[in-house]
1. Using modelled amide H (1.01 Å from N, peptide plane; none on Pro or chain starts), what sits under 5 Å from the amide H of G16, excluding residues fewer than 5 places away?
2. At a 10 angstrom cut-off on C-beta neighbours, averaged per residue, how do the peptides 28-40, 63-75 rank from highest to lowest?
3. Can you list the aspartates and glutamates whose alpha carbon sits under 20 Å from that of K75, skipping same-chain ones fewer than 8 residues off?
Amino acid sequence: QVQLVESGGGLVQTGGSLRLSCAASGLIFSINSMAWYRQAPGKQRELVASITSGGSTDYVDSVKGRFTISRGSAKNTVTLQMNSLKPEDTAVYYCNAGTWSSNYWGQGTQVTVSS
């Protein structure tokens with residue numbers, strides 16, 4: 001089992017920045033990749049950014065150049081630095097950890113970008 005706890009959401013104006021953090025506990029040695037997803041009201045959950053255990057990253061086109069995902073040296077934390085935020089970035093952001101057999105989710109943190 002892996003437990004994930006997110007922090008760092010909040011309210012910010014257009015063009016501002018926020019930094020989301022996610023701390024994993026439990027069987028962290030089993031984690032292959034970590035990612036951030038988001039879900040806006042009335043929309044499906046979408047993958048925002050991911051990072052593998054080897055450090056390879058991937059981003060949805062809408063956040064490329066604005067968001068940066070990174071993992072801590074202990075590999076049990078993942079952060080999402082979000083710059084130049086737009087109202088369309090407003091959503092609940094979820095941390096995800098993938099192992100060979102399971103996917104684990106955090107409880108979600110609200111990000112609201114005002115225009």
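No lab work stands behind these numbers, since they all come straight from the coordinates. Small disclaimer: the values here were computed from a predicted structure and weren't measured. Glycine gets a Cβ as well: all are built from the backbone with ideal geometry, and neighbour counts include every protein chain shown.
1. L85
2. Most protected by this proxy first, the peptides run 28-40, 63-75.
3. K75 reaches E6, D58.
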